[in-house]
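The values are calculated or read from the model by the stated rules, or taken from the named source; none is laboratory data. Small disclaimer: the values here were computed from a predicted structure and weren't measured. As a convention, Cβ positions derive from the backbone with ideal geometry for all residues, glycine included, and neighbour counts pool all protein chains shown. Only protein heavy atoms, including side chains, enter the accessible area calculation; ligands, DNA and RNA are left aside. Shrake-Rupley method; radii C 1.70, N 1.55, O 1.52, S 1.80 Å.
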Amino acid sequence: MELKEALEQLSLLQKKMYAYNVASSSIYLDAVTVAPSDTAEGRGEALGILAGESHKLFADPAVGELLAFLREHKQELTQLQARQVEELSRSYRQLSVIPQDEYMEYAKLTNEADAVWHKAKETNDFALFCPYLEKMFAFNRKFAGYYDADKAPYDALLSEYERGLSMEYLDRFFGQVREALVPVIHAINEKEQIDDSFLHQHYPIDAQRKFSDYLMEVMGLDRTHCTIGETEHPFTLNFNNKDVRITTHYLEDNVASSMYSVIHEGGHAMYELNIDDDVQYTCLAGGVSMSIHESQSRFYENLIGRSKPFIEAIFPKMQEFFPEQLKNVTAEQFYRAVNKAELSLVRTEADELTYCLHVMIRYEIEKAVIGGKLEVRDIPAEWNRLYKEYLGVDVPDDRRGCLQDSHWSGGLIGYFPSYALGSAYGAQMLRNMEQDVEIWPSVAAGDLSPVTGWLKEKVHRFGGSLTPADVLKNACGEFDPSIYTDYLVKKYSELYQL
Ligand code: ZN
């Protein structure tokens with residue numbers, strides 16, 4: 001084989017994989033947005049076939065030979081080609097060991113489990129979801145062995161989302177976070193609580209939709225390349241750097257809920273839209289890892305979106321969208337309300353300070369189930385016990401307990417810790433950004449371009465062309481969780497005059 005021909009085959013292979021991905025993602029998007037409720041079965045058939053075909057395409061021994069040939073010619077490849085070969089070789093090793101029938105069965109399960117989870121959450125019925133969740137954990141435990149039989153199964157799963165991530169690393173990270181933040185949380189409990197009642201008046205959904213459009217405009221999201229839809233659980237779906245979809249969920253009695261979902265998902269979208277053209281339609285397209293992705297979404301959501309300068313910039317306009325609700329409220333009061341630290345039940349609505357503890361609970365449960373120390377049917381009881389222990393709250397029902405997140409129904413086991421790591425990475429990026437550019441006067445004027453410019457230069461543009469560790473190093477230097485905990489301690493000490 002000639003190198004030129006091999007590179008053409010490499011490019012075609014990746015475009016075909018992209019096409020399968022677009023097809024499955026479009027079906028998923030349809031399922032969670034406009035499809036009628038009892039129609040999962042037919043889509044499941046289609047998704048099963050698509051997953052089987054894409055598996056067949058990639059697990060073909062000819063692909064193994066092509067990648068081996070390219071590895072032999074590594075010296076003649078460009079940096080981008082070499083990275084593609086490296087990433088595809090890793091995926092090939094993993095995917096080719098999953099038997100095709102198991103892979104198809106899993107794709108079908110994921111589709112069914114999502115529909116069942118929706119119903120179970122709606123009706124607060126964990127027993128309905130339990131058998132699906134059992135299968136989901138069983139599959140993942142099995143896949144972990146396929147991915148890396150030498151590792152503990154949960155380490156193998158963690159490593160899927162963040163290369164090299166391990167329980168040892170996370171136990172240390174969460175330990176450090178717990179040690180720094182729990183005393184602050186306790187101190188706040190002794191203080192008079194911030195009044196955020198005005199956030200829970202009636203906020204008509206139509207006005208909230210217009211407000212979402214405004215927020216996307218302030219963020220600088222190009223609406224010709226990024227639309228917003230409505231789903232039970234907000235998410236971002238990227239087809240390529242010119243076609244990204246975000247969704248939100250409106251609550252009539254909580255204006256901050258969708259507001260911060262839009263900014264969070266907008267942060268994910270911004271990352272995708274800013275990735276260089278030259279990695280599109282390859283395996284390097286898209287954000288490099290889950291934690292780097294979360295570092296971006298949570299950057300916009302918290303470090304910018306919950307900062308005083310940002311709120312002062314958007315508040316006058318917000319009062320125009322909600323004149324009755326906010327007529328007697330000041331920007332300062334709004335800032336304090338959206339930063340209220342609370343021992344709460346729902347992760348997506350948690351404040352910056354307690355957020356990590358919500359993640360830590362999911363981490364501990366996944367670790368125990370995959371490690372064989374906890375049965376899936378006992379998850380609700382364990383969930384409630386941990387919420388009481390770390391956050392001091394009684395979980396009234398599974399709807400607001402272990403059924404609240406969509407991740408497990410989608411097979412994302414080992415994903416949650418990336419939210420916490422992403423928050424910590426983001427805080428360190430902010431510190432470095434502040435050393436490079438003066439962002440706050442612009443943010444206070446409603447101009448996020450210096451922020452986005454820095455992130456694009458240091459993080460976004462690379463997509464997967466650098467490893468997650470190199471992206472982080474490029475933007476931050478050595479990772480130091482104390483920058484994150486120091487940021488939180490300072491912010492909350494000021495807010496609550498500790
Ligand atoms: Zn996110």
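The listed peptides 484-495, 421-432, ordered by packing as a protection proxy, come out as 421-432, 484-495 (highest mean of other Cβ atoms within 10 Å first). Taking the centroid of alpha carbons for each part, the stretch 140-197 and the stretch 242-256 are 26 Å apart. Computed from backbone phi with θ = phi - 60° and the Karplus coefficients 6.51, -1.76 and 1.60, the 3J(HN,Hα) list for the stretch 79-90 is 4, 5, 5, 4, 5, 4, 5, 4, 5, 5, 5, 5 Hz; x is used for glycine and proline.
Rounded, prolate or oblate: pick one for the stretch 3-128, where a ≥ b ≥ c are the square roots of the eigenvalues of its C-alpha gyration tensor, a/c under 1.5 means rounded, and failing that, prolate if a/b is larger than b/c, else oblate.
Details: a/c = 2.95, a/b = 2.56, b/c = 1.15.
Prolate, because a/c is 1.5 or more and a/b exceeds b/c.
Each Lys and Arg adds +1 at its Cβ and each Asp and Glu adds -1 at its Cβ; summed about the Cα centre, the stretch 167-495 shows a dipole of about 180 debye. Backbone geometry of the stretch 216-233 corresponds, through the Karplus equation with coefficients 6.51, -1.76 and 1.60 at θ = phi - 60°, to 3J(HN,Hα) couplings of 5, 5, 4, 5, x, 7, 7, 6, 7, 10, 8, 10, 10, x, 10, 9, 4, 10 Hz, x marking Gly and Pro.
Rounded to the nearest 500 deg cm²/dmol, what is the calculated helix-only ellipticity per residue at 222 nm for the chain, with -39500 (n - 2.57) per DSSP H run of length n ≥ 4? Could the numbers behind the result be given before it?
Numbers: 21 runs with 314 residues, N = 498.
That calculation yields -20500 deg cm²/dmol at 222 nm.
Of the residues F58, G42, A469, the one whose Cα sits farthest towards the positive end of the charge dipole of the chain is A469 (charges of +1 on Lys and Arg Cβ, -1 on Asp and Glu Cβ, taken about the Cα centre).
The distance from the alpha carbon centre of the stretch 271-332 to that of the stretch 445-459 is 11 Å, rounded to a whole number.
Roll a 1.4 angstrom probe over the protein heavy atoms and tell me the percent of accessible area of the chain that is carbon or sulfur.
Numbers: 10530 of 21300 Å².
Carbon and sulfur: 49 percent of the exposed surface of the chain.
Using the Karplus relation 6.51 cos²θ - 1.76 cosθ + 1.60 with θ = phi - 60°, the per-residue 3J(HN,Hα) values for the stretch 255-272 come to 6, 6, 4, 5, 3, 7, 5, 4, 5, 5, 5, x, x, 4, 5, 4, 4, 4 Hz, with x marking Gly and Pro. Think of a 1.4 Å ball rolled over the protein heavy atoms: the stretch 3-128 then has 54 Å² of accessible area per residue.
Over the stretch 3-128, what is the mean sequence separation of C-alpha contacts under 8 Å (at least six apart), divided by residue count, expressed as relative contact order in percent?
Values: 68 pairs, mean separation 42.4, N = 126.
For the stretch 3-128, the relative contact order is 34 percent.
How fast does the chain diffuse by Stokes-Einstein, in µm²/s, taking the Kirkwood radius from C-alpha pairs at 37 °C and 0.692 mPa s?
Numbers: Rh = 23.7 Å.
Value of D from the Cα-based Kirkwood radius: 138 µm²/s.
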